[in-house]
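The values are calculated or read from the model by the stated rules, or taken from the named source; none is laboratory data. Predicted, not measured: the structure shown is a model, and the values here were computed from it. Neighbour counts run over all protein chains shown; Cβ positions are idealised from the backbone, glycine included. To get the accessible areas, we keep the full protein, side chains included, count just its heavy atoms, and leave off ligands, DNA and RNA. Shrake-Rupley method; radii C 1.70, N 1.55, O 1.52, S 1.80 Å.
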2 protein chains.
Amino acid sequence: MESKQTEISSIGEFGLIDRITDGIAHVSASTRKGVGDDAAVLDYGDKDVLVTTDMLLEGVHFDLTYVPLKHLGYKAAVVNFSDIYAMNGRPRQITVSLGISRRFTVEHIEALYSGIRLACEIYGVDIVGGDTCASRQGLVISVTCLGDVQKDKAVMRSGAKPTDLICVSGDLGAAYMGLQLLEREKVASAGQKDFEPQFNGKEYLIERQLKPEARKDIVDMLEKEGIVPTSMIDVSDGLSSEIMHICKNSSTGCRIYEDRIPIDYQTAVMAEELGMNLVTAALNGGEDYELLFTVPLAMHDKVSKLTGIKEIGYITEENLGCALITRDGSELPLRAQGWNMTQAQ
Amino acid sequence: MESKQTEISSIGEFGLIDRITDGIAHVSASTRKGVGDDAAVLDYGDKDVLVTTDMLLEGVHFDLTYVPLKHLGYKAAVVNFSDIYAMNGRPRQITVSLGISRRFTVEHIEALYSGIRLACEIYGVDIVGGDTCASRQGLVISVTCLGDVQKDKAVMRSGAKPTDLICVSGDLGAAYMGLQLLEREKVASAGQKDFEPQFNGKEYLIERQLKPEARKDIVDMLEKEGIVPTSMIDVSDGLSSEIMHICKNSSTGCRIYEDRIPIDYQTAVMAEELGMNLVTAALNGGEDYELLFTVPLAMHDKVSKLTGIKEIGYITEENLGCALITRDGSELPLRAQGWNMTQAQ
C-alpha cells in the first residue's frame, strides 16, 4: 500500500473518532442517540433486548501477517451478530472498543473500521458507541452487540429435550482448514520476497477463515417456516464443544452421526493434503459460525426439506452421555477440544 | 498474600468462568437471562435503554504496582456506571470482557472480579455476560454497561443554552493528586524492602484515585428536587475537557470562575507539596467522576441550596468561546488537556 499514512498523534483521539465515525447513519428505528454522548439511547418497545460481547487480541485471536485489517473488522462484528442470531434474535447495535499500539496509523484503523461498517451495513446494525485508547502491545478489539427478539422467543442453550433432532446449518471445518492453509503459506513465505501464496482451488477455505458470515438467512428461514428451535448455539469453538454446551445446559446427552456431519469438498481435500483427520477438524476446528440447534422429533419432515440444514443426530437422556456414532457403528465419547486458554499464551 | 494460587490452565477457561460467576444473583426485574448463553436477555418495558463501554489496559490505564486488583475491578465497573448516571439514567447490567496474561492466577482474577461484583451489589447492577481470553501482554478489561431512563428523559451533552448555569458535584483534582502521590511513593520504594508509603493525612486522595464512586446520589437528588439538567457529562478527562464537550455539542461557549471550582483541602496541600498548579490539576486532572451539568438560570435558587453542588459558571453564545475567569478577573481560554493517545504509548 502506497497510500498516505497519517500518525494518529497528529489528529488526536477525538480527531480519530470523528474521522472513523464520520457519516455513520442509523438504520434501526430503535436508535435514538448513537455515537457522541456518554451513552447511546435505545428505544425498545416491547421486545426483549439481547447483549453479547467478544474480545479479540492480536497474537492470540488473529495474526496480521495474513489477516487484512478490513477483514478483521468485518469478522469482529460478524462473530457478535452470530451470537445474537444464535438466540433467535436480530442484531441492532454494536459498540466497538479499540486498544491501538503505536505502529498503527489512522489508515490502518480506518481499514479496520471500514470492515466493521461494511458488516453493519450488510446486517442492518448501528454502531452506537465505543472507546478508543492506546495499547502498549498490539491491537485489542472489544465489540458488544445488542439485539432484540420478540418477547419470550429467545432460544436458549437450555431447552433441548430427549428425542429432539440435532440440526446444523452449512458445513463444518472449513474455517479451521483455512487457518492451517494460511499458516502453511506464512511459513513457506518466510524470508522470501514476492512470495505468491498457493490458494488455487482453496478459496472457500480462505473465505471461511477470513470473512465468515453470520447465518441471518437461517434464522429468517426458520421464522418463515414457523420453526422455533428448542435450543440453539453458534459454532464458534467447534461442533463438539457446542453440542456439549447444549447438553450441559439442557441436562441431556446426545448422539452425533459421524457420516452426517456436513463437510465441504475443499475441506476434505485440504485435510488429506495435510494428513489431518477430517472428522476431528469438523468436530473441533471452530470458527464456522454455523447455527447448531435442536427441534422436536415431530419437525423431522419439515426440517429435512430445508436447504442448507442437516440433521446430524439426536438428544438423549443425560445418563447416556455425549457420543459420536462412527461410520462402523461404534460410539466414541465426545470431548470438547475448543479453544483453550493455555494454548494461546 | 500467602493464599493458595491456582494456575488458570489447571481449570481451563470454562472452569474459570464457572468459578468467577458462581452465585451471581440478578437484582434487576429487567434481567431475564444473564451469564450462560450466547447473549443475555433483557426486558425493558417502555424505558429507553442506555449503553456505554470502557476499555482499561494495563500499563496505560493502571499500574498494578500500586493498584490492588479488587480496587481495579471496582473502578472498572464504577466508571461505566458514572457514564450512565451522566445521562440521567440508572445502570442495570454490565458485561465484562477480560484478556489475561499468563502471570495472573485464578485468585488474581477472583480478586479483580470481587471488586466488580462489590460495585454491582452497591449500585444494584447485574453482570450479564462477558468474554474471557488469553492475552500475550498484561491485563485487558473491557466493560459494557446497559442502563435505562424514562422515555425522553435522557440528558445529552447537547442541550445547554446560553445563560444556563454550569454546576458540578463534589470536588475536583483529588484523584489526579492521588495518582501523583502513588507515583511518588512508587519511585521512593524502588529497590527497598519493607517500604512504608507515606499516605498520612492524604487518605482522601488515595481513595479518590483507587476507589472512585459514581454519583448516583446526585442523580437521585436532582430527580427528587424535580431538576432536569439541560446537559450533563461525567468528569473523567478533566473539567476543562468536559465543559468543552458540552459546549461543542451544544454550540455554545462558557465562562468558568476559577474561584468557584470546588477543591478539597488535601488536594490543595498536595499540590503545594509537589509544587504543582492547583487550578491546572482541578481543570485537567481527570478521573474525578463527578457530574458536570447545566440548568436554566431560573433554577439558581433551587440549585444553590443543594448540598454537594457548586455553581461554577455559565453558558454563553458560541462566538464568545470557552474561558476561565481568573481570580483577578482576566479571561484565559480553556484548553482540553485530558488524556491524549500520544502520552500513553
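Could you check what % of the DSSP bridge pairs in segment B:57-156 are antiparallel, to the nearest 5?
55
If you take the Cα centroid of segment B:110-154 and the Cα centroid of segment A:154-208, the two points sit 32 Å apart. With Cα atoms as the point set, the radius of gyration and Dmax of segment A:217-303 evaluate to 14.4, 43 Å.
FRET efficiency for the pair B:Lys224 and B:Asp259, taken as 1/(1 + (r/R0)^6) with r the Cβ-Cβ distance and R0 = 35 Å, rounds to 0.75. Quote the relative contact order of segment A:59-135 in percent (integer), defining contacts as alpha-carbon pairs under 8 Å separated by 6+ residues. 44 percent. Inter-label distance, A:Leu297 to B:Leu306: 6.5 nm, where each label sits 7 Å from its Cα along the C-beta direction. Ignoring lysines fewer than eight residues from A:Lys186 along the same chain, the ones with Cα atoms less than 29 angstrom from its Cα are A:Lys4, A:Lys70, A:Lys75, A:Lys202, A:Lys211. Looking at chain B only, what percent of DSSP beta bridges run antiparallel? Nearest 5 please. Given both bridge residues lie in chain B, the antiparallel proportion sits at roughly 75 percent. Rolling a 1.4 Å probe over the protein heavy atoms leaves B:Lys70 with an accessible area of roughly 100 Å². Taking a span of 15 Å or more along the helix axis (Cα atoms) and a mean Kyte-Doolittle hydropathy of at least 0.5 as the rule, the DSSP H helices of chain B that qualify are B:106-123. For A:Asp301, the point set 7 Å out from Cα toward Cβ sits 7.8 nm from its twins in the other copies, listed from shortest up. Among B:Gly226, B:Gly191, B:Gly253, the largest mean-square fluctuation in a Gaussian network model of chain B, built with springs joining Cα atoms closer than 10 Å, belongs to B:Gly191. The mean sequence separation of alpha-carbon pairs under 8 Å and at least six residues apart, normalised by the residue count of segment B:163-285, gives a relative contact order of 42 percent.
A Förster distance of 60 Å, applied to the separation of the beta-carbon atoms of B:Leu320 and A:Glu203, puts the FRET efficiency at 0.50.
For the chain pair B and A, the buried solvent-accessible surface (1.4 Å probe, both sides summed) amounts to about 5900 Å². Would you please give the FRET efficiency between B:Ser251 and B:Asp46, computed as 1/(1 + (r/R0)^6) with r the Cβ-Cβ distance and R0 = 25 Å, to the nearest 0.05? After rounding to 0.05, the efficiency reads 0.20. Compute log10 of I(q)/I(0) for chain A with the Debye formula, placing one identical point scatterer on every Cα and leaving out solvent, at q = 0.13 Å⁻¹, to two decimals. At q = 0.13 Å⁻¹ the computed log10 ratios are -1.05. Both the radius of gyration and Dmax for segment B:154-248 are 18.0, 58 Å, in that order, over alpha-carbon atoms. Could you pull the accessible area for A:His245 with a 1.4 Å probe, rounded to 10 Å²? Only protein atoms counted, so the area is about 30 Å². Partner shielding of B:142-151 amounts to 5, given as the average count of beta-carbon atoms from other chains within 10 Å of each residue beta-carbon.
Each residue, A:Phe195 and B:Arg102, gets one label point 7 Å from its Cα in the Cβ direction; the gap between the two is 2.5 nm. Across the alpha-carbon atoms of the protein assembly as shown, the computed radius of gyration and Dmax are 26.6, 92 angstrom. A cut-off under 12 angstrom between Cβ atoms defines the neighbours of A:Arg102, and their net charge, with Lys, Arg +1 and Asp, Glu -1, is +1. Here the accessible area of the protein assembly as shown is 49 percent carbon and sulfur, with a 1.4 angstrom probe and all protein chains present.
In segment A:133-199, inverting the average of 1/r over every pair of distinct C-alpha atoms gives 18.0 Å as the Kirkwood radius. Per residue, the accessible area of segment B:240-313 comes to 41 Å² when a 1.4 Å probe rolls over the protein heavy atoms. When the Cα atoms of segment A:69-152 are aligned to their principal axes, the ranges along those axes come out at 46, 21, 18 Å in descending order.
At 1.4 Å probe size, with every protein chain present, just tell me what the per residue accessible area of segment B:40-174 comes to in Å².
I get 26 Å² per residue for segment B:40-174.
Sorted from nearest, the other copies put their A:Glu317 label points 8.4 nm away, the label point being 7 Å from Cα in the direction of Cβ. With the label put 7 angstrom out from Cα along the Cα-to-Cβ vector, A:Asp18 ends up 5.2 nm from the copy partners, going from closest to farthest.
Here each label is just a point 7 Å from Cα along the line to Cβ, and for B:Ala188 and B:Lys161 those points are 5.2 nm apart. Stretching the chain fully between B:Ile11 and B:Asp217 yields a gain of 70.1 nm (0.36 nm per residue, less the alpha carbon separation).
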